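For reference, the structure discussed in these notes is given below.
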Amino acid sequence: RTRNRAYMSKMKTAIKKVRASKAKDSAEAEFRKVVKLLDQLAAKGMIHKNNAANKKSSLRKFVTSIK
């Protein structure tokens, strides 16, 4: 339970970093880190693979919308 909570917290923090980014290049760099983390969590079964896919899709839309 403690490990799962730590990973969930790490995931939420990483997502917030992407959303807080103002520059496109820094957002892209953070996005790549988040994608890797989401894939790892989905592989471990901590989140469902579709949940990971939905989060990645949403973040991709955000990153591409940055001017």
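Things to note:
- Rounded to two decimals, the Cα-based Rg/Rh of the chain, with Kirkwood Rh, is 0.99.
- Put simply, the amide H of residue 47, placed in the peptide plane, has neighbours under 5 Å in 42, leaving out anything fewer than 5 places away on its chain.
- Value at 222 nm in deg cm²/dmol, rounded to 500, when DSSP H runs of n ≥ 4 in the chain each add -39,500 (n - 2.57): -29000 deg cm²/dmol
- For the chain: accessible area per residue (Å², 1.4 Å): 72
- Accessible carbon and sulfur surface of the chain relative to its total accessible area, %, 1.4 Å: 51
- The calculated FRET efficiency for residue 66 paired with residue 7, based on their beta-carbon distance and R0 = 22 Å, is about 0.25.
- Degrees separating the helix 2-20 axis from the principal Cα axis of the chain, which is the longest one: 10
- Magnitude of the charge dipole for the chain, about its Cα centre and with charges confined to Cβ atoms of Lys, Arg (+1) and Asp, Glu (-1), is about 200 debye.
The values are calculated or read from the model by the stated rules, or taken from the named source; none is laboratory data. What you are looking at is a predicted structure, and each value in this text was computed from that prediction instead of being measured. Here Cβ is always computed from backbone atoms with ideal geometry, including for glycine, and neighbour counts include all displayed protein chains. SASA here: full protein model, heavy atoms, side chains in, ligands and nucleic acids out. Shrake-Rupley method; radii C 1.70, N 1.55, O 1.52, S 1.80 Å.
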